[in-house]
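Worksheet for the structure shown next.
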Amino acid sequence: MDADRPPSLTRGTDDAFASIVGDPACVDSAFPTLPFASREIIDGHVHNRVDEEYGEGSRHIAALPGDMRIMRCDYEFRRDASGPAVGQDFLKFHYKLNGRNVLRFAGRPDTLLETGRSVIAYHPEGLVKDDCFAAGVREVSLTIACRRSAILDLLRTSSDELPKPARRYFDCADSDFLCDELPLSLRMKEALGDLDRPGFSPWLQQIHVEAKVLDLICLSFHELTSRDQFIGPSFSLKARDIDMLHAVRTALESDFRQPITIPALCRQFATNRSKLSEGFRILFGETIFEYIHKLRMEHARLLLTDTDSPLSEIADQVGYSRQSSFSTAFRQHHGFRPLDVRRNSPLRATRMPGSA
């Protein structure tokens with residue numbers, strides 16, 4: 001596989017999706033057929049496969065209990081493509097691991113969706129939009145669609161009790177299109193990765209998929225409501241501050257292995273220490289260095305599970321010059337030792353007896 005290719009949601013998820021059997025007609029009402037694609041029904045699932053003349057890949061669509069639908073995408077067009085979609089009164093949650101497309105409505109500004117972003121959108125019944133896809137850009141994403149009433153049933157509450165940013169999705173007029181673009185957070189990526197690596201027996205797959213879908217919806221509403229927090233009269237976050245802080249967090253997710261200082265971040269993002277440090281803590285509920293530490297410890301656990309790298313090398317990769325200091329920090333964060341993870345690693349279970 002090409003190392004430069006973006007991640008895929010199709011690898012490893014066929015077994016998980018095979019456990020979900022929905023009504024194809026019900027599924028189609030949420031996700032219309034792709035442009036330049038054929039429609040197949042296999043074991044109650046809908047597949048939209050891009051015609052070879054125009055590109056490659058497919059969308060895989062299934063229904064879940066509770067009036068929910070889920071669609072995973074991995075496709076690419078060889079030429080610019082667009083196709084209409086008529087709203088069916090669904091609330092949608094979109095997570096884009098890779099891609100770039102535009103939502104176009106008559107008389108409304110275009111909405112651009114790009115790699116590393118997530119979206120909450122309400123598409124009212126009867127409102128027509130065009131999904132526009134750029135040639136040569138691979139789309140790797142997952143979308144969840146559900147009725148607004150299904151969310152309120154899950155929350156066991158009325159819309160009046162929701163925070164204002166979330167409440168407007170339930171109290172808006174049926175003719176209003178609403179959309180909020182949000183970061184694709186680390187926790188969202190982890191949930192998407194769990195869908196990509198189910199690791200359960202077939203009889204448990206549906207529970208696993210449903211749990212991760214609810215996890216993603218929860219994380220989306222958390223991002224939506226967190227970004228609009230205002231803490232106390234002496235310190236408030238404006239929209240541009242919130243965007244800057246989300247950009248900081250995205251940068252930390254990419255660069256957490258490197259030494260990071262507050263002055264360097266202030267220079268990089270053209271802000272001051274107070275707005276950066278206090279704003280990050282207010283918006284995300286933890287300090288910058290707490291977040292960096294969490295990223296490093298989660299990455300270390302992944303390396304312990306998925307690689308044979310020595311502990312000293314893993315310690316170095318997550319910023320520790322001494323293995324003993326790394327082991328202590330790891331145990332304090334996770335509640336168990338690095339060696340405990342390594343001993344239970346699937347890699348260790350597959351080694352031949354007597355191997356190193």
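Where in the stretch 70-149 are there strands (runs of 3 or more DSSP E), lying wholly inside it, with at least 2 residues that are of a type in the set (Val, Ile, Thr) and within 24 Å of residue 167 (Cα to Cα)? Quick ask: steps written out before the conclusion?
Numbers: elements: 81-86, 90-98, 100-105, 111-114, 117-123, 128-133, 139-146.
Result: 117-123, 139-146.
The single condition from (1) touching a Lys or Arg at 6+ places or on another chain (Cβ under 7 Å); (2) closer than 27 Å to residue 37 by Cα that residue 159 fails is (2).
Cβ separations smaller than 8 Å between residues 6+ apart or across chains give the following pairs from the stretch 19-46 residues that are assigned by TED's automatic domain parsing to the domain that holds residue 122 and surrounded by 15 or more Cβ atoms within 10 Å (Cβ to Cβ) to residues that are at pLDDT below 75 and among the charged types (D, E, K, R): 46/28.
Among the conditions (1) at pLDDT below 85; (2) within 22 Å of the chain's Cα centre (by Cα), residue 248 misses just one, which is (1).
Residue count for the stretch 178-209 satisfying the condition of being in contact with a Leu (Cβ under 6 Å, 6 or more places away or on another chain) and surrounded by fewer than 17 Cβ atoms within 10 Å (Cβ to Cβ): 1. Checking each residue in the stretch 69-89 for being of a type outside the set (D, E, K, R) and farther than 21 Å from residue 184 by Cα picks out 77, 81, 82, 83, 84, 85, 86, 87, 88.
Of all residues in the stretch 45-59 being modelled with pLDDT of 85 or more and assigned to a strand (DSSP E or B), which is nearest to residue 211 (Cα to Cα)? Step by step, filter the stretch 45-59, then rank; the result is 59.
In the set (1) closer than 27 Å to residue 210 by Cα; (2) touching a residue at least 12 places away in the same chain (Cβ under 8 Å), the condition left unmet by residue 160 is number (2). Within the stretch 268-279, restricting attention to residues that are surrounded by fewer than 16 Cβ atoms within 10 Å (Cβ to Cβ) and in contact with a helix residue (DSSP H, G or I) (Cβ under 7 Å, 6 or more places away or on another chain), the residue that is farthest from residue 292 (Cα to Cα) is 272. Within the bounds of the stretch 102-112, is there any residue that is at pLDDT below 85, touching a Leu at 6+ places or on another chain (Cβ under 7 Å) and small (Gly, Ala, Ser)? Within the stretch 102-112 (the criterion being at pLDDT below 85, touching a Leu at 6+ places or on another chain (Cβ under 7 Å) and small (Gly, Ala, Ser)), the answer is no, since none of the residues qualifies. Somewhere in the stretch 148-165, is a residue touching a helix residue (DSSP H, G or I) at 6+ places or on another chain (Cβ under 7 Å) and among the basic types (Lys, Arg)? Within the stretch 148-165, one or more residues are touching a helix residue (DSSP H, G or I) at 6+ places or on another chain (Cβ under 7 Å) and among the basic types (Lys, Arg). Tell me, yes or no, whether the stretch 254-267 has at least one residue that is in a helix (DSSP H, G or I), surrounded by 14 or more Cβ atoms within 10 Å (Cβ to Cβ), basic (Lys, Arg) and not assigned by TED's automatic domain parsing to the domain that holds residue 222. No; the residues of the stretch 254-267 include none that is in a helix (DSSP H, G or I), surrounded by 14 or more Cβ atoms within 10 Å (Cβ to Cβ), basic (Lys, Arg) and not assigned by TED's automatic domain parsing to the domain that holds residue 222. Residues of the stretch 138-152 that are out of contact with any Phe, Trp or Tyr (no Cβ under 8 Å at 6 or more places or on another chain) and buried (at least 22 other Cβ atoms within 10 Å of the Cβ): 140 alone.
Matching residues to (1) small (Gly, Ala, Ser); (2) over 21 Å from residue 294 (Cβ atoms); (3) part of a loop (DSSP other than H, G, I, E, B); (4) assigned by TED's automatic domain parsing to the domain that holds residue 96:
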site	(1), (2), (3), (4)
173	yes, yes, yes, yes
179	no, yes, no, yes
190	no, no, no, yes
195	no, yes, no, yes
200	no, yes, yes, yes
208	no, yes, no, yes
211	yes, yes, no, yes
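The values are calculated or read from the model by the stated rules, or taken from the named source; none is laboratory data. Quick caveat, the model's predicted, so the values are computed rather than measured. So basically every Cβ, Gly included, is an ideal-geometry build from the backbone, and we count neighbours across all protein chains shown.
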